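J.: What follows is a structure written as structure tokens; I'll ask about it next.
The values are calculated or read from the model by the stated rules, or taken from the named source; none is laboratory data. In this text, all values refer to a predicted model and were calculated from it rather than measured experimentally. As a convention, Cβ positions derive from the backbone with ideal geometry for all residues, glycine included, and neighbour counts pool all protein chains shown.
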Amino acid sequence: MSKSKNKLNLKLQQLPQPESPDPSPSNAVPVNEVINLTKKLDGLDLDDQQRRRLEAFLHQKSRVKELNGEDFETLCELGAGNGGVVTKVRHTPSGLIMARKLIHLEIKAAVRNQIIRELKILHECNSPYIVGFYGAFYSDGEISICMEHMDAGSLDKVMKKARRIPEPILGKIAIAVIKGLTYLREKHKIMHRDVKPSNILVNSRGEIKMCDFGVSGQLIDSMANSFVGTRSYMSPERLTGSQYTVHSDIWSFGMSLVEMAIGRYPIPPPDNESLNQEIANDEFSPASVAPPGRAVSGDDAPKPMAIFELLDYIVNQPPPRLPSGGVFSKEFQEFVDCCLQKDPKERPDLYELSKKPFIQKWEAEVVDIAGWICKVMDLSPPKLESIV
């Protein structure tokens, strides 16, 4: 693409490389380390069920020794994106079902060893709102990242099946995302850097967890050489090369909420009146959900945008908004509006977001997330004995 097509010189900021936390090549977690991780749960704000589930995961994790490619039985492909393919696998030595992400990289041994070391910080990330991590290793030209399997998949897949996600469910999703981002920020000094529906996972127990956050600067830099990341959820300041802050994650979160609420990517903006009518009548079909930068089909649909046209729109045009007209609550509209302030200084921080009326409202309400997820994704509710 010629330079003339990119008149604004939009660009992605290169991430700094964090220090390697552990020079050891082993990917196994010693039993005493699992015990230490379990003790660290005392410092988290957990209810009894959340604590039991995290303890159960760490106990399972203690059964996993050194990971290598020969110990996995591939069950099915779960999806592809962000530079890699994700498969559902069985770890034969332990019998555990995992999600294995494979990222093909042509890199030197020193670089891949640094990536594996940097990914080890994921062993420390244990929260009800963060996908569990079993380990990472290199084999046959691919980095493998082994994670907890979330049987309902990502929210972009849920949205395609549900056509759009109801506000009560989005309220609970918003709570989980804020708590997940807060945990990463406060406990590990990590910003997510890639908040979007495909990086928020759910399961048949009604749990909502984040994945694919940027802990390895070396991995991100290596992937950037052969892969162009998702740009459509990026904040205006990130697209113009300004410093990345947690407020950039908040913009991406706001964009994701609008998309999941209306059932399509919100740029170019849909007609407010027709969108209200569609939502009120619930006439969305899976085929009408458009990928980022693409319009829904139909004679009246906006024309698809080229990538730099889309980025130019994000930088220079008003931000997306939820349609008015009573389809969505005032609290939800206000919450989205504050996330999507063009000036990052005008966006609230994570603590301020947690105090917004929209969040307070849905923290006080009981919502059957598990029942809704199982119905939409055609999953059987988990057996009572497996709910810990």
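J.: Mind checking which residues of the range 356-370 are closer than 21 Å to N203 by Cβ and outside any helix (DSSP H, G or I)? Explain how you work it out, then say what you get.
T.: Just the residues of the range 356-370 that are closer than 21 Å to N203 by Cβ, to begin with: 362-363, 365-370.
Residues satisfying the conditions are E365, V366, V367, D368.
J.: Does the range 368-386 contain at least one residue that is within 23 Å of D249 (Cα to Cα) and surrounded by 13 or more Cβ atoms within 10 Å (Cβ to Cβ)?
T.: Just the residues of the range 368-386 that are within 23 Å of D249 (Cα to Cα), to begin with: none.
Scanning the range 368-386, I find no residue that is within 23 Å of D249 (Cα to Cα) and surrounded by 13 or more Cβ atoms within 10 Å (Cβ to Cβ), so the answer is no.
J.: Taking the range 34-50 as the search range and keeping residues that are at pLDDT 90 or above and surrounded by fewer than 16 Cβ atoms within 10 Å (Cβ to Cβ), which one is farthest from the chain's Cα centre (by Cα)?
T.: Per the criteria, the residue is D48.
J.: Which condition from (1) in contact with a Pro (Cβ under 6 Å, 6 or more places away or on another chain); (2) crowded, with 19+ Cβ neighbours inside 10 Å is the one that I121 breaks?
T.: Result: I121 fails condition (2) only.
J.: Further question: For P128, which of the numbered conditions (1) modelled with pLDDT of 95 or more; (2) crowded, with 20+ Cβ neighbours inside 10 Å; (3) farther than 18 Å from K39 by Cα fails to hold?
T.: It is condition (3) that P128 fails.
J.: Tell me, yes or no, whether the range 144-158 has at least one residue that is in contact with a Cys (Cβ under 7 Å, 6 or more places away or on another chain), without any contact (Cβ under 8 Å) to a residue 40 or more places away in the chain and either of a type outside the set (F, W, Y) or outside the structural domain of C339 (by the TED database) (or both).
T.: no
J.: Would you check which residues across the range 181-210 are assigned to a helix (DSSP H, G or I) and closer than 21 Å to L44 by Cα and list them?
T.: Residues of the range 181-210 that are assigned to a helix (DSSP H, G or I), as a first pass: 181-188, 197-199.
Result: L181, T182, Y183, L184, R185, E186, K187, H188.
J.: On the basis of being out of contact with any Phe, Trp or Tyr (no Cβ under 7 Å at 6 or more places or on another chain), at pLDDT 80 or above and either within 25 Å of L184 (Cβ to Cβ) or surrounded by 20 or more Cβ atoms within 10 Å (Cβ to Cβ) (or both), does Q243 make the cut?
T.: When the stated conditions are applied, Q243 passes them.
J.: Sticking with this one: Scan the range 339-353 residue by residue and report those that are touching a residue at least 40 places away in the same chain (Cβ under 8 Å) and surrounded by fewer than 17 Cβ atoms within 10 Å (Cβ to Cβ).
T.: K342, K345, P348, D349, Y351
J.: Going through V177, V195 one at a time, which residue ends up being surrounded by 16 or more Cβ atoms within 10 Å (Cβ to Cβ) and either in contact with an Asp or Glu (Cβ under 8 Å, 6 or more places away or on another chain) or not aliphatic (A, V, I, L, M) (or both)?
T.: Just a single option satisfies the conditions, and that option is V195.
J.: Within the range 80-98, is there a residue that is farther than 16 Å from F137 by Cα, at pLDDT below 95 and in a strand (DSSP E or B)?
T.: yes
J.: I'd like the full set of residues that are out of contact with any helix residue (DSSP H, G or I) (no Cβ under 8 Å at 6 or more places or on another chain) and of a type in the set (S, T, N, Q), limited to the range 318-340.
T.: Once the filter is applied, which keeps residues that are out of contact with any helix residue (DSSP H, G or I) (no Cβ under 8 Å at 6 or more places or on another chain) and of a type in the set (S, T, N, Q), the range 318-340 yields only Q333.
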